[in-house]
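Below is one structure, written out as structure tokens; the observations come after it.
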Amino acid sequence: MWCDNCLLLFPLRGGAIAWGVIIALYNITGAVFLFNWGIYLYFIYQEPQIYGGIAIGIAAVAIVNIVALSNRSYIWSRVCKFVWPFIVVISAIRGIIMIVQLYRGRDKIVWECENGGQLWGSDPESGPRIANMPDGVCRPGWSALFTVFIVAILVDLVFQLYMLFLNWRFSKRLEHYRQMNGPVVGGYYKA
């Protein structure tokens with residue numbers, strides 16, 4: 001078998017739990033942003049809710065993986081080992097679509113910024129506004145916004161790929177060292 005600690009940034013089990021927490025928080029934050037302010041960036045009905053729902057699904061799988069790692073559960077680790085590749089592919093497809101749709105809506109986003117954060121398609125002089133686009137979105141400009149979204153989506157994808165690797169590595173350790181307990185009750189090779 002190859003090196004047990006190769007490509008690990010942290011200790012396997014504890015590091016994987018910490019990595020899962022990071023993924024869950026990152027995706028929950030992204031989902032909240034999309035649910036609250038996604039209508040200012042994506043202009044097809046229900047599009048931000050779909051993207052936010054996928055982010056919540058990713059966070060849910062990360063939380064299940066955290067629980068599986070915490071309990072050293074062989075079954076749930078295998079379930080996550082089966083689910084993570086599908087999640088990574090769905091997330092990659094979602095990321096590509098999000099980038100393309102954001103680029104297609106650049107003129108509408110610029111219009112919203114030029115009209116004080118008013119939602120595209122509404123009349124700027126139509127009276128009091130219920131909600132506005134957050135100031136932080138318009139201040140840096142279109143190119144900075146587009147770059148931040150691309151980087152955020154790529155970071156999310158890389159984090160998920162590394163979590164897939166950590167879960168696979170943990171599952172392999174459970175499979176290979178399940179019977180090797182060592183001289184003490186806790187054993188040397190417990191994951």
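Results, tabulated for the structure shown:
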quantity	calculated
Candidate set: region 64-101, residues that are among the basic types (Lys, Arg) and open to solvent by 30 Å² or more (accessible area, probe 1.4 Å); chosen: the one nearest to Pro48 (Cα to Cα)	Lys81
Among residues of region 110-119, those that are free of Cβ contacts under 8 Å to residues at least 60 places away in the same chain and either part of a helix (DSSP H, G or I) or on the phi < 0 side of the Ramachandran plot (or both), counted	6
Criterion: exposed (fewer than 14 other Cβ atoms within 10 Å of the Cβ) and either under 15 Å from the mean Cα position of the chain (by Cα) or farther than 14 Å from Arg169 by Cα (or both) - qualifying residue of Glu47, Glu114	Glu114
Hits in region 10-24 - residues which are more than 16 Å from Val155 (Cα to Cα) and open to solvent by 60 Å² or more (accessible area, probe 1.4 Å)	Phe10, Pro11, Arg13
Residue list for region 59-91, restricted to those being among the small types (Gly, Ala, Ser) and more than 18 Å from Tyr42 (Cβ to Cβ)	Ala59, Ala60, Ala62, Ala68, Ser70, Ser73, Ser77
Residue among Tyr26, Tyr45 that alone is among the hydroxyl-bearing types (Ser, Thr, Tyr) and at pLDDT below 90	Tyr45
Verdict on Ile75 being free of Cβ contacts under 8 Å to residues at least 24 places away in the same chain and farther than 28 Å from Glu112 by Cβ	yes
Filter pass, Asp107 being modelled with pLDDT of 80 or more, of a type in the set (Asp, Glu), closer than 20 Å to Asn65 by Cβ and part of a helix (DSSP H, G or I)	no
Boolean, Ile97 is modelled with pLDDT of 90 or more, at negative phi, under 26 Å from the mean Cα position of the chain (by Cα) and in a helix (DSSP H, G or I)	yes
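The values are calculated or read from the model by the stated rules, or taken from the named source; none is laboratory data. Keep in mind it's a predicted model, so treat the numbers as computed, not measured. Positions of Cβ are backbone-derived with ideal geometry, glycine not excepted, and every protein chain shown enters the neighbour counts. SASA here: full protein model, heavy atoms, side chains in, ligands and nucleic acids out. Shrake-Rupley method; radii C 1.70, N 1.55, O 1.52, S 1.80 Å.
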